[in-house]
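The values are calculated or read from the model by the stated rules, or taken from the named source; none is laboratory data. Everything quoted here is computed from the prediction, not taken from an experiment. Neighbour counts are summed over all protein chains in view; Cβ atoms, including those assigned to glycine, are modelled from backbone coordinates with ideal geometry. Just the protein is used for accessible areas: all its heavy atoms, side chains included, with ligands, DNA and RNA removed. Shrake-Rupley method; radii C 1.70, N 1.55, O 1.52, S 1.80 Å.
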Amino acid sequence: MEEFKTQEQVKAWTEDEIEIDLKEIFFLLLYKWKMILMALLIGAVLFGAYHTFLMQPSYQADASIYITNTDSMISFSDLQLSAALTEDYANIIKSRTVLNRVIDELELDLDYEELDELITVENPDSTHIIEMQVVCGDPELSRNITNALMNISIDQIYQIIGSSEPTVIDYSIAESVQDVTPSIFKYMAIGGLLGAVAVCAVLIVRMLMDTTMKSEEDVEKYLGLPILAAVPYYREGKGK
């Protein structure tokens, strides 16, 4: 009967009742701090090397238009209508027709889906402004795409909506193009963090998967049995 009870306890321990001891995990990670630090440094170096030798720089150009009636007298209903149409205008700007016209005009070696990934169209809250941003690896090309996109979009919007054309707020100029390449320090921080987290995860999983008894305390903790005797570990040649 006692043997059956012990077998049941072992089965419950190995299958369903393994408790995660946070204190044990903490001391495990503390004991392996050199390994974690090494992984952090390796991750930081690898991501830093990738940023330095493989990553292409990115440049952002932007332009903006104002959606409203161009008549000298603007009524409240005109403002309400332009606000309602702002989202429609943004969808027209990124339409396949507009993007293909931009590709043809600039003779780009891209399809419209690839060009779409370079473009961001935003409408700041509670405004009638549409902002267009293009990010690519060539500052001049990003500026040319932005201006072509804006000009073609204005023409396409006028053809579809049939009202007055949007008003240009800002064209993209060379001085406004920004280098938006992520900094090397940011990449190194991400790499170091990922390396450290990966090693910690491996150590914790190995600890949780290890079901061997290593001490008298483990027997009492997991099986609830008293220790009657213990045989010390003997390593040959240790006493010589």
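Calculated FRET efficiency, residue 209 to residue 229, Cβ-Cβ distance, R0 = 41 Å: about 0.90 to the nearest 0.05. Here the simple spin-label model places points 7 Å from the Cα toward Cβ, and for residue 127 and residue 216 these points are separated by 7.4 nm.
With a Förster radius of 51 Å applied to the beta-carbon distance between residue 24 and residue 111, the computed FRET efficiency rounds to 0.40.
The accessible area of residue 125, taken with all protein chains in place and a 1.4 Å probe, comes to roughly 140 Å².
Once the other residues with Cβ under 13 Å from the Cβ of residue 196 are scored (Lys, Arg +1; Asp, Glu -1), what is the net sum? Intermediate values should be presented prior to the final figure.
Working: positive: 32, 34; negative: none.
Every neighbour counted, the sum reads +2.
Would you list 37, 223 from the most to the least accessible area, probe 1.4 Å? Walk me through the numbers on the way to the answer.
Details: 37 80, 223 25 Å².
Greatest to least solvent exposure: 37, 223.
At an R0 of 22 angstrom, the distance between the Cβ atoms of residue 88 and residue 180 translates into a FRET efficiency of 0.20. Largest first, the residues 172, 183, 95 sort by 1.4 Å accessible area into 183, 95, 172.
Using a 1.4 angstrom probe on the protein heavy atoms only, could you order 207, 188 from most to least accessible area?
On the way: 207 40, 188 70 Å².
Of 207, 188, the descending order of accessible area is 188, 207.
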